[in-house]
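The values are calculated or read from the model by the stated rules, or taken from the named source; none is laboratory data. All values reported here derive from a predicted model rather than from experimental measurement. Here Cβ is always computed from backbone atoms with ideal geometry, including for glycine, and neighbour counts include all displayed protein chains. Note: accessible area is taken over every heavy atom of the protein model, side chains too, but ligands, DNA and RNA are not part of it. Shrake-Rupley method; radii C 1.70, N 1.55, O 1.52, S 1.80 Å.
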Amino acid sequence: MANRVCPTCGEEYSDTYKRCPFCEETQALEKGRNLHRGGKRSVKRQRKNGGALGVMMLLSVVIICGVLACVFFGDEIASFMGIRTGDDDGGYVPPISANDGGGQVDDTTPPDGGGEQTDPLADPTPLKLESPAEFTISAGETGRITVTGGTGEISWTSSNPEIATVEDGSVTGVAGGTATITATSGEESVSCTVKVSGDPWVSGASLKLSKTDITINDAYPNPVTLKIEGGEYTSASWSSENTNVATVSSSGVVTRVGKGTTNVICVVDGQTLSCIVRCG
C-alpha cells in the first residue's frame with residue numbers, strides 16, 4: 001500500500017482510494033452534504049483558512065482607521081507628539097541655543113530672506129547733515145534740509161523765525177535776511193545757514209543805540225560799548241564806514257584806530273541804527 005499526492009489540492013492520500021478523499025470532502029461541504037471521509041482534516045483546514053482571513057480583515061481595518069485619523073486629526077496628533085509641520089510659521093523652526101541647555105533662544109522671528117540683521121547693541125549712526133551747509137531761497141519759497149543718523153526723534157529750530165521758519169526739515173523763507181536752522185537728536189546737533197532774499201523784515205519795536213555821538217581821543221582813549229535799547233531783538237550786525245578811523249566788534253565795542261570821523265552802523269531786525277564816532 002502506497003500514498004498518492006492529489007494534483008488538485010496537493011494532499012497526500014492512500015492508493016486504496018480511487019479518488020482524492022479530500023477533494024470529495026470539499027465538494028460535499030460545498031453542496032451541504034454530510035462528511036463521510038476525512039471530515040476532520042477538511043474542517044481543520046477550513047478553520048485555518050478562516051483564521052488567516054480574519055487576521056487580514058483586522059489588519060485592513062487598522063490601516064483604514066490610521067489613514068482616516070491622519071486625514072482628519074493630523075495636526076492635533078502632530079501637536080500632541082511635539083512635531084512641527086512645514087505649515088507652522090512658514091516652515092521656520094526657531095534655532096536652539098547651545099548655551100541654555102537646549103532651550104529655544106528668545107528671538108523667534110523668521111529670517112527675512114538673508115538680509116542683514118540690525119544689531120541693537122551696535123553704536124548708533126552719528127547725526128549728519130546730508131544737504132548743503134548753506135543755501136539761499138526767496139521769501140515765500142520753501143527749501144528742504146536732510147539729515148541722517150541720530151539716536152532718536154529729530155527736533156528742528158530756527159534762530160530767527162521772522163526770517164525763516166522750519167518744520168520737519170522743511171524751511172520757508174519769510175523775509176530777507178539770514179537764519180540758522182538747527183537739527184537736534186539726543187545730544188547731537190547739526191546746523192545749516194539759510195539766506196533769504198527779498199524785502200528785509202523790519203521789527204516793530206522802537207529800537208535805538210545807547211549813544212548816537214561819541215568821541216575817543218587822548219583824553220578819553222578807552223573803547224566805547226554801544227548797546228541796543230528800546231525792546232527785544234533777535235540778531236544784530238555791526239560795521240564801521242571807515243575802519244582806518246575806528247572799528248566795531250560784533251558786540252558793539254568801538255575802538256579808536258586813527259584820527260578822523262566815521263559812522264558805526266548797526267542793522268538789527270530790519271532797522272538800521274547809526275552812531276557818529278569822532279577820533280582825535
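Details
- Against the numbered list (1) in a loop (DSSP other than H, G, I, E, B); (2) in contact (Cβ under 8 Å) with a residue 40 or more places away in the chain, N242 comes up short only at (2).
- Test: residue in the stretch 211-231 that is crowded, with 16+ Cβ neighbours inside 10 Å and either without any contact (Cβ under 8 Å) to a residue 24 or more places away in the chain or under 19 Å from S158 (Cα atoms) (or both): no
- Scanning the stretch 133-180 for residues that are closer than 20 Å to S203 by Cβ, open to solvent by 50 Å² or more (accessible area, probe 1.4 Å) and out of contact with any Ser or Thr (no Cβ under 8 Å at 6 or more places or on another chain) gives a single hit, P161.
- Of the criteria (1) open to solvent by 70 Å² or more (accessible area, probe 1.4 Å); (2) out of contact with any Ser or Thr (no Cβ under 6 Å at 6 or more places or on another chain), which one V254 fails: (1)
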